[in-house]
1. Does region 96-105 hold any residues that are in contact with a Phe, Trp or Tyr (Cβ under 8 Å, 6 or more places away or on another chain) and farther than 15 Å from TYR58 by Cα, and which are they?
2. Check whether at least one residue in region 20-34 is part of a helix (DSSP H, G or I) and either within 14 Å of the chain's Cα centre (by Cα) or at pLDDT below 85 (or both), and report yes or no.
3. Go over the candidates ILE10, ILE71 one by one and state the one that is farther than 16 Å from LEU97 by Cβ and modelled with pLDDT under 90.
4. Please work out which one of (1) modelled with pLDDT of 95 or more; (2) within 12 Å of the chain's Cα centre (by Cα) is the condition HIS52 fails and give its number.
5. Restricting the search to region 94-105, which residues are out of contact with any strand residue (DSSP E or B) (no Cβ under 8 Å at 6 or more places or on another chain), within 15 Å of SER27 (Cα to Cα) and free of Cβ contacts under 8 Å to residues at least 40 places away in the same chain?
6. Contact list please: Cβ distance under 9 Å, first residue in region 58-86 and over 19 Å from LYS15 (Cβ atoms) and in contact (Cβ under 8 Å) with a residue 24 or more places away in the chain, second residue among the aromatic types (Phe, Trp, Tyr) and part of a loop (DSSP other than H, G, I, E, B), pairs at least six apart or on different chains.
7. For region 42-65, what are the residues that are of a type in the set (Phe, Trp, Tyr) and either in contact with a Phe, Trp or Tyr (Cβ under 7 Å, 6 or more places away or on another chain) or buried (at least 19 other Cβ atoms within 10 Å of the Cβ) (or both)?
8. Restricting the search to region 26-44, which residues are touching a strand residue (DSSP E or B) at 6+ places or on another chain (Cβ under 7 Å) and farther than 14 Å from LEU91 by Cα?
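The values are calculated or read from the model by the stated rules, or taken from the named source; none is laboratory data. None of the values given here were measured: they were computed from a predicted structure. Note that we place each Cβ from the backbone using ideal geometry, even for glycine, and neighbour counts take in every protein chain shown.
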Amino acid sequence: MWRRKQTAPIESKLKDIPFIKVAGEPSDKPLTLFALSTCGFCRRAIAFLQDHNIAYQYVYMDQLPREQQDIIRSYVKKSYRVSLSFPFLCLGEADYLSGFIKVAWEKELINE
């Protein structure tokens, strides 16, 4: 009889990702940003969050080992049913913002 290999849930593997936590005003949902260190839109997204004093955590995907990048990609695909694009802001466990369009970010994060 064959059995599937038991692995830890993807969410528990995210605890090993070296997120950088940024202090600020907490929002209703925890915010997690996946970004690239070389991405101009990602830099604008981070500046937007800092300018509005919003608490969040982030990680630069291109500075992680391939294994951790794959864990994050799997998490995003399973949780949000989309492929990862940058910047990618998780709004709790159910909502997200993909790409940086200032008006959309203001609507979702500022005008609550």
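1. The initial filter retains those residues of region 96-105 that are in contact with a Phe, Trp or Tyr (Cβ under 8 Å, 6 or more places away or on another chain), namely 96-100, 102, 105.
Residues satisfying the conditions are LYS102, TRP105.
2. As a first pass, look at region 20-34 and keep what is part of a helix (DSSP H, G or I): none.
Within region 20-34, not a single residue is part of a helix (DSSP H, G or I) and either within 14 Å of the chain's Cα centre (by Cα) or at pLDDT below 85 (or both).
3. Numbers: ILE71 fails: modelled with pLDDT under 90.
ILE10 is the lone residue from the list that is farther than 16 Å from LEU97 by Cβ and modelled with pLDDT under 90.
4. Answer for HIS52: the failing condition is (2).
5. Residue satisfying the conditions is ALA94 alone.
6. PHE86/PHE100
7. Taking region 42-65 as the starting set, the residues that turn out to be of a type in the set (Phe, Trp, Tyr) are 48, 56, 58, 60.
Correct list: PHE48, TYR56, TYR58.
8. Initial filter on region 26-44 (touching a strand residue (DSSP E or B) at 6+ places or on another chain (Cβ under 7 Å)): 27, 29, 31-37, 42.
Of everything in region 26-44, those that are touching a strand residue (DSSP E or B) at 6+ places or on another chain (Cβ under 7 Å) and farther than 14 Å from LEU91 by Cα turn out to be ALA35, LEU36, SER37, CYS42.
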